[in-house]
Amino acid sequence: MAPVKQPSTFEQIKNSPAFTVAVQVSLFAAGVAFIQSPLMDFLVPQFFKSAVVADRINQP
């Protein structure tokens with residue numbers, strides 16, 4: 001029978017539940033940062049921006 005190969009340190013880290021949690025948390029944080037960044041303002045269509053501004057001006 002062939003000897004059992006021990007997984008490398010990277011494989012051990014990659015297969016741990018903490019790695020999955022860390023990846024999910026980092027993706028969530030990146031998403032929140034992207035949504036709150038000025039880049040999102042450039043992606044909003046112009047007609048929507050003008051409607052939002054008009055609503056803010058016309059509020060009592």
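Read-outs: derived from the displayed coordinates by stated rules, not from any lab. No experiment lies behind these values; they were computed from the predicted model shown. Because the Cβ atoms are built from the backbone with ideal geometry, glycine has one as well, and the counts that use them run over all protein chains shown.
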Discussion item. Under the 0.36 nm per residue contour assumption, what length would be gained going from the current alpha-carbon distance of residue 2 and residue 22 to full extension?
Written reply: 3.7 nm
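Quick check on packing: order 35-44, 10-19 by the mean number of other C-beta atoms within 10 Å, highest mean leading.
Values: 35-44: 8.6, 10-19: 10.3.
Most protected by this proxy first, the peptides run 10-19, 35-44.
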